[in-house]
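J.: If you scroll down you'll find the structure; I have some questions about it.
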Amino acid sequence: MTNMKARLAAGETLFGTFLTLGSPLVAESLALAGFDWLLVDLEHGGGDESTLLPQLLGVAAGGVHGLVRVETDARGRTARALDYGVEGVMCPQINSVEQAEAWAAALHYETGRGVALFHRGARFGTDPDAMAHARERVFGIAQIESPEAVEAVEGIAAVDGVDVLFVGPSDLSYSMGKFRQFDDPSFRDAIARVNAAAAAVGKATGIFLTSPDQVPAALADGFRMICLGSDGGFLMQAARAALESVRAAGT
């Protein structure tokens, strides 16, 4: 399977969802549903680092790209996730060029990633070219979630190791004092600036959506790494829809 970094670089639009329930079985079932990528969310939700590997095994069993959102930009969080074999690491609250540079350095061996070749990410020492080819596969996703990040976004986009700028609309709009006012002109200007910054250096942008109805507008904005909600969201939506349907039929 072509790695996700190469697919994004080639201009593909890839759809995925966040895994917030900490369940390997949910991870595998959603992989089999046909998503392009699944991201284990360690910043929010019910999982922690001990549940990362089981979920990644579930994602791999379904044959899709496995990613993770780490809790913070602390080097150890990213390094351990890479050792488990994730393709991409998302870091929340990247607010400056300096922060982006320090975090992105931990993604790659030659810039700060510690050398340990006995783990899953290096096929337990059986891959003689693990270090040489890691950069071809591993990519970084910086979240743009504050006015400070938007002001620095051109510099963040240019950082080596930052391959995707990812917008959390609720966090960004909240930090701007425009919570979920997604049509507000200042919020729309921020979205345009993020996409322009990425396009200027040949990189991709991503966004978290809560409904398929939001996809056309996101694509028109230029986003190509599209998140469609979360596992917990899908469960709640399906359960509520089923109950509403049977209760309406019984009246």
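The values are calculated or read from the model by the stated rules, or taken from the named source; none is laboratory data. Because the structure is a prediction, the values reported are computed rather than measured. Cβ: placed from backbone, ideal geometry, glycine included. Neighbour counts: every protein chain shown. The accessibility values were calculated without ligands, DNA or RNA, using every heavy atom of the protein model including side chains. Shrake-Rupley method; radii C 1.70, N 1.55, O 1.52, S 1.80 Å.
J.: With the structure loaded, tell me whether THR13 is farther than 18 Å from PRO92 by Cβ and either open to solvent by 40 Å² or more (accessible area, probe 1.4 Å) or touching an Asp or Glu at 6+ places or on another chain (Cβ under 7 Å) (or both) or whether it fails that test. Before the answer, list the steps.
T.: On the way: farther than 18 Å from PRO92 by Cβ: yes; either open to solvent by 40 Å² or more (accessible area, probe 1.4 Å) or touching an Asp or Glu at 6+ places or on another chain (Cβ under 7 Å) (or both): yes.
Yes; evaluated as a whole, the condition is true for this residue.
J.: Every residue in the range 122-137 that is open to solvent by 80 Å² or more (accessible area, probe 1.4 Å) and at positive phi, please.
T.: Scanning the range 122-137 gives ARG123, PHE124.
J.: Can you name every residue in the range 98-152 that is within 29 Å of MET176 (Cβ to Cβ), in a helix (DSSP H, G or I) and not aliphatic (A, V, I, L, M)?
T.: GLU98, GLN99, GLU101, TRP103, PRO147, GLU148, GLU151
J.: Another one. Just to be sure before I move on: is THR2 outside any strand (DSSP E or B), more than 15 Å from the chain's Cα centre (by Cα), buried (at least 19 other Cβ atoms within 10 Å of the Cβ) and among the hydroxyl-bearing types (Ser, Thr, Tyr) in the structure I sent?
T.: Working: outside any strand (DSSP E or B): yes; more than 15 Å from the chain's Cα centre (by Cα): yes; buried (at least 19 other Cβ atoms within 10 Å of the Cβ): no; among the hydroxyl-bearing types (Ser, Thr, Tyr): yes.
No.
J.: Which residue is surrounded by the fewest Cβ atoms within 10 Å (Cβ to Cβ), if the candidates are limited to the range 177-228 and must be hydroxyl-bearing (Ser, Thr, Tyr) and closer than 17 Å to PHE18 by Cα?
T.: Taking the candidates together, the pick is SER211.
J.: If you don't mind, another one. Would you check which residues across the range 229-246 are more than 24 Å from ILE141 (Cα to Cα) and either open to solvent by less than 40 Å² (accessible area, probe 1.4 Å) or in contact with a Lys or Arg (Cβ under 6 Å, 6 or more places away or on another chain) (or both) and list them? Outline the logic, then answer.
T.: From the range 229-246, those more than 24 Å from ILE141 (Cα to Cα) are 235-246; that's our starting set.
Within the range 229-246, no residue meets the criteria.
J.: A further question follows. Within the set of pairs 6 or more residues apart or between chains, which connect a residue that is farther than 12 Å from ASP171 by Cβ inside the range 134-152 to a residue that is among the β-branched types (Val, Ile, Thr) and in a loop (DSSP other than H, G, I, E, B) with Cβ atoms less than 6 Å apart?
T.: Filtered contacts from the range 134-152: ALA142/ILE94.
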